[in-house]
Each structure stands twice: as structure tokens, then as C-alpha cells.
Amino acid sequence: MSNKNKTISRYAWFVSLLFAVGIFVPGWLGIDGMNGGYALSVFSGFFMITAIITAIMFGALGKQQDNILSGSKLLARWSYTPDEWQAFTGDEIVRDAQGKKMLF
């Protein structure tokens with residue numbers, strides 16, 4: 001199972017790098033600050049900070065997801081007897097059938 005949170009985190013780090021470069025683009029291209037250069041730098045800085053926060057948040061979620069899926073840090077674990085499972089599945093079939101009757 002792929003970890004989409006880590007993938008999003010990697011993309012966010014890449015986007016933050018692009019916006020970090022975007023801060024200096026007006027100076028490299030000779031765009032005057034009063035003709036939009038400052039605006040490009042400020043917006044690039046804002047989006048860079050946003051992308052960094054996104055990368056950190058999704059990176060932490062990705063680590064948690066890896067721990068849960070690997071079984072090293074389970075949130076909870078239940079075990080049921082076969083009779084309990086049979087009762088549960090019987091009730092679930094009845095509820096599912098009733099819901100489908102209403103939809104039909």
C-alpha cells in the first residue's frame with residue numbers, strides 16, 4: 001500500500017524549493033521592484049512558507065501511517081471469537097439489506 005501522505009510531502013518540498021528560487025527571480029531578470037518585482041518576491045515567499053508547513057504536516061502524517069501499517073505502533077487491537085463474528089456479520093447483512101430495500 002502506497003503512502004500518499006509521504007508523496008504529498010515530497011511534492012510540497014519540491015514546490016517550496018521552486019518558490020524559494022522564485023524569490024530571487026525578479027532580481028535575476030532585472031524586474032524593477034515597483035513594477036511587480038517586490039510582489040513576485042513576497043508572494044513566492046508566502047507560498048514557500050505555506051509549502052514548507054504542508055510538507056512538514058504531511059511528512060508527520062506519513063510517518064504515523066507507516067508506523068500503523070507496519071504494526072509497530074498500533075492504536076488498538078481487538079480479537080473476537082467466531083461466534084461474535086457470526087453475530088456481527090448476521091446483523092450487518094440485515095442492516096445492509098434494509099438499506100438497499102429503501103434505495104430500491
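Values quoted throughout were computed directly from the atomic coordinates according to the rules given, and no laboratory measurement underlies them. Everything numeric here is computed off the predicted structure, so don't read it as measured data. Don't worry about glycine lacking a Cβ; one is built from the backbone with ideal geometry, like all the others, and counts go over all protein chains shown.
So here's what we get for this one:
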{"quantity": "C-alpha long axis of helix 82-103 to longest principal axis of the chain, angle in °", "calculated": "70 degrees"}
{"quantity": "Nearest 10 degrees, 0 to 90: helix 4-29 Cα axis against the chain principal axis", "calculated": "10 degrees"}
{"quantity": "Positive-end residue, the stretch 6-94 charge dipole about Cα centroid, Cβ charges, pick of Trp28, Gln65, Ile93", "calculated": "Trp28"}
{"quantity": "All lysines inside 30 Å of Lys4 as judged from Cα atoms, apart from same-chain residues fewer than 8 positions distant", "calculated": "Lys63, Lys73"}
{"quantity": "Gaussian network model of the chain, springs between alpha carbon atoms under 10 Å - residue of Ile56, Ile31, Ile23 with greatest fluctuation", "calculated": "Ile31"}
{"quantity": "Label-point separation in nm, Met102 to Asn3, each point 7 Å along Cα→Cβ", "calculated": "4.0 nm"}
{"quantity": "Rounded FRET efficiency, nearest 0.05, which uses the C-beta distance separating Lys63 from Tyr38 and R0 of 41 Å", "calculated": "0.60"}
{"quantity": "Listed candidates (1) 75, 42, 17; (2) 35, 24, 23; (3) 47, 23, 15 - label of the one calculated as Cα extents along the principal axes in Å", "calculated": "(1)"}
{"quantity": "Computed [θ] at 222 nm, deg cm²/dmol, the chain (DSSP H ≥ 4; -39,500 (n - 2.57); rounded to nearest 500)", "calculated": "-28000 deg cm²/dmol"}
{"quantity": "Student exercise, the chain dipole from Lys, Arg, Asp, Glu Cβ charges, in Debye to nearest 20", "calculated": "120 debye"}
{"quantity": "Sparsely packed chymotrypsin sites (Phe, Trp or Tyr not before Pro) within the stretch 44-75, loop by DSSP, other Cβ within 10 Å at most 13", "calculated": "none"}
